[in-house]
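Peer 1: My questions will all concern the structure given below.
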Amino acid sequence: MAIGLLIMSLSILPGLLAYGIDAYGTYQDWKYRSDLKQQIHQAMANQPDGQEDPDAIDRAATMVSRSIPRQRPAPGLVWTEMLSAAIFLVAYNAGLILLTSFENRYPDRLKAWRIASWIAAGAAGFVLLTVVAGAFNEIVQAIWATLVKLVAIASAIITWGYLRQLAKRIPHSTLARICAWLLLIPLLSFLKVFPFLGLWLIYEFAFAMQFLLVFYLPAAAVLLIIFANIFRRAAVSAEKSWQSETALTR
């Protein structure tokens with residue numbers, strides 16, 4: 001379990017790289033939409049008083065699209081983002097499988113979380129194959145980022161839900177509360193991926209939410225390392241106890 005947590009924490013490094021490239025693209029899109037709105041407002045303000053021009057918005061949008069064309073990301077950045085995201089997704093879910101491995105406890109109260117981790121790992125493998133098989137396909141390039149985000153969000157929810165149960169077992173109430181709070185961030189990210197669920201504010205402030213991950217990802221890596229250290233010390237202590245008990249029975 002400790003090894004799995006360390007793998008998960010290290011996988012955040014390529015995840016940060018992919019996120020940085022994605023955040024840059026989000027900034028460019030936000031800047032484009034901001035300039036578009038500014039031009040529209042200016043065009044509407046220049047209309048003569050008492051006259052309505054229903055075509056003013058269309059003309060303003062056409063004007064700004066010509067003067068400030070939407071920039072396409074460089075192919076090298078796209079490839080780097082896709083590769084970094086794939087490495088993150090596969091490594092993180094491999095570590096998650098190790099973390100949620102069967103502990104030979106009866107009854108197995110964490111079975112549901114364990115099954116969920118296997119489903120998330122299978123989804124990660126499917127996304128990886130999809131990205132590799134359709135690297136030169138425009139449709140895949142248009143949807144791969146959404147697929148990666150969905151699997152990453154599901155894996156994060158499983159991670160903090162599982163670790164919260166383990167923190168209660170330790171027991172460590174502070175870590176359990178932190179895991180509960182961290183569960184909210186993937187849920188908000190899920191709502192961002194699906195803005196049509198009615199959460200208009202989350203969609204409008206998507207650019208601001210990008211910066212939330214700047215704090216979330218490093219904090220997640222630190223917390224995973226803390227849990228890994230706790231489990232490593234617990235494993236050493238259990239090994240010593242087992243050796244002492246078996247020595248007494250000989």
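Peer 1: For the condition modelled with pLDDT under 60 and surrounded by 17 or more Cβ atoms within 10 Å (Cβ to Cβ), what is the one hit in VAL64, VAL78?
Peer 2: Exactly one residue qualifies, and that residue is VAL64.
Peer 1: ASP49 - would you say it is outside any helix (DSSP H, G or I), farther than 30 Å from ALA120 by Cβ, open to solvent by 60 Å² or more (accessible area, probe 1.4 Å) and at pLDDT below 65?
Peer 2: Details: outside any helix (DSSP H, G or I): yes; farther than 30 Å from ALA120 by Cβ: yes; open to solvent by 60 Å² or more (accessible area, probe 1.4 Å): yes; at pLDDT below 65: yes.
So ASP49 passes the test.
Peer 1: Right, next: Test ILE12 against the stated conditions and say whether it is among the hydrophobic types (A, V, I, L, M, F, W, C), open to solvent by less than 30 Å² (accessible area, probe 1.4 Å) and part of a helix (DSSP H, G or I).
Peer 2: In short, yes.
Peer 1: Also, I was wondering about something else. Output the number of the condition that TYR24 fails; it satisfies all remaining conditions of (1) in contact with a helix residue (DSSP H, G or I) (Cβ under 6 Å, 6 or more places away or on another chain); (2) of a type in the set (Ser, Thr, Tyr); (3) at pLDDT 75 or above.
Peer 2: (1)
Peer 1: If you scan the range 125-167, which residues turn out to be buried (at least 20 other Cβ atoms within 10 Å of the Cβ), modelled with pLDDT of 85 or more and over 28 Å from TRP181 (Cα atoms)?
Peer 2: Selection gives nothing.
The values are calculated or read from the model by the stated rules, or taken from the named source; none is laboratory data. On a predicted model such as this, the values are computed, not experimentally measured, just so you know. No Cβ is skipped: glycine too gets one built from the backbone with ideal geometry, and neighbour counts run over all protein chains shown. SASA here: full protein model, heavy atoms, side chains in, ligands and nucleic acids out. Shrake-Rupley method; radii C 1.70, N 1.55, O 1.52, S 1.80 Å.
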